[in-house]
Ligand SMILES: Nc1ncnc2c1ncn2[C@@H]1O[C@H](COP(=O)(O)OP(=O)(O)O)[C@@H](O)[C@H]1O
Ligand SMILES: O=C(CO)[C@@H](O)[C@H](O)COP(=O)(O)O
């Protein structure tokens, strides 16, 4: 009897801070394959820590662009070696860490179009980048460019109304302005500037892929309501920028068929469609099938919190992005830089480098931590703009240290109280029907999720894989296949596995945190009002 045909699938990619990841999702919307290449571990020759290089000024943070390309080569070879059947891939899409930028040297487009299947992609693109170390989202070296941009458009709120955010140091327009000002030669030799997401899509397309509206919203350049580049912002950042960026496209666009390179080298079908790639947080929104009223908390390298929005409400804190799945709607996002890497530091200092010891400490301490509260920002935080470690006892007196278990609970409770306080600052209210959807590496840790449920007073759900950006990308690829028929994204994914309940609030949690949240907010204000703290 003939073998039954292998089920068709879509691939979802994620070029995130610490790794490149991929999932295959079959037509029944179940994940059938998962793989990753970890930059520090699998590509040690690039010498990154956490996927990045922090420069001597402590502000500039970059990643080598060829490391990303080589990671793609390696992961595809791993898939091939494992027997993955590429001929069943109908379409693919992907995500990238947001805000990072890639600078393609003049002539690179031609090289991309004529890749030889006998060689690795990274071998062929060696000379294709005018900037070898790409600024990434952790960079905070563009304060001067941010002030220039805000001044050019009439202030911070005016910029936010236009682009969804006041000027942020990691946002791509400000990063491009810095490259233009400090390295005009590299800028003038650049024929195309991509986001990490559109760069990754370009590798698959074999030609430059446009920036999508959703990830494009993280640049301080896109008018989020009109979905066009803001001429005033472009002019304030660098000359000839519009031609280097190309026109932005709806996130649901099919941008073309896969390059013949992948057809000939790996056996992808020639008609395999490439759907526009987007930011990792927007892709996670798709992967978790977030609905209005839900709140998503991503615990990856960064921690982020995001919501589905019907109407944009740009403010001086937080970001509004175009929705990655519905052209009429938006998403709100808060980003916290001291996420997993800060948790790893405290784990190493106070839990013998072990997540299970870390969890034990969370289980052995009480909700509310005996009134002890902590702020842990080893790198300058985005929300709020603060740096340093600050610990307070139950009498609000600053103390220099906590016992190890108290330190661990103070870190996790503090991280989640900050998220709730700043989400409420954007107008979000926890309702009786609120669901929290958690994702990212730390969502593997049930004890961390328990604290999340307790602080928010809401149940926490997870999907089968913590790689929601990959899953969302594969779902978006399925949506791309149906796009011509106008089927909404929600219809395409309605039969996907439902999120699973991972934690419910403990009895008494709401009373404990009703008392602690205002204290945490007041202490945060106290720290912020001491100017020396900002400079530490
Ligand atoms: N059991 C665990 N408990 C807490 N954090 C964890 C656990 N397992 C992994 N992590 C964290 O997950 C992080 C990676 O998350 P991930 O979402 O894959 O990151 P990114 O997508 O930004 O590369 C690691 O830095 C690690 O600290
Ligand atoms: O800057 C932001 C969002 O605004 C970050 O969330 C980046 O998108 C990095 O994502 P991870 O690699 O931490 O998932």
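No lab work stands behind these numbers, since they all come straight from the coordinates. Fair warning: this is a prediction, and the values are worked out from it, not measured in the lab. Every residue, glycine among them, receives a Cβ derived from its backbone with ideal geometry; neighbour counts consider all protein chains shown.
Worth pointing out:
- Ordered by the number of other Cβ atoms lying within 10 Å of each residue's own Cβ, fewest first, 224, 193 fall into the sequence 224, 193.
- Residue 313-residue 430 pseudo-label distance in nm [points 7 Å out on the Cα-to-Cβ vector]: 1.8 nm
- Rough spin-label spacing in nm, given labels placed 7 Å along Cα→Cβ, for residue 517 and residue 291: 2.3 nm
- Applying 1/(1 + (r/R0)^6) with R0 = 51 Å to the Cβ-Cβ distance of residue 396 and residue 240 gives a FRET efficiency near 0.40.
- The stretch 465-519-the stretch 200-262 distance, computed between alpha-carbon centres (Å): 26 Å
- Semi-axis lengths (Å, descending) of the ellipsoid that matches the C-alpha gyration tensor of the stretch 1-111: 32, 15, 13
- FRET efficiency for the pair residue 226 and residue 189, taken as 1/(1 + (r/R0)^6) with r the Cβ-Cβ distance and R0 = 25 Å, rounds to 0.20.
- Tilt relative to the chain, helix 340-350 - C-alpha long axis, 0 to 90 degrees, to 10: 50 degrees
- Ranked by how many other Cβ atoms sit within 10 Å of their own Cβ, fewest first, the residues 146, 237 fall in the order 146, 237.
- Out of every Cα-Cα pair that the chain contains, those further apart than 36 angstrom amount to 30 percent.
- Axis of helix 355-364 versus longest Cα principal axis of the chain: the two differ by about 30°, to the nearest ten degrees.
- Here residue 525 and residue 501 are evaluated by their C-beta separation; at R0 = 51 Å the FRET efficiency comes out at 0.90.
- Whole-number D in µm² s⁻¹ for the stretch 9-281, Kirkwood Cα-pair radius fed into Stokes-Einstein, 20 °C, 1.002 mPa s: 114 µm²/s
- Placing pseudo-labels 7 Å out from each Cα toward the beta carbon at residue 26 and residue 482 gives an inter-label distance of 1.9 nm.
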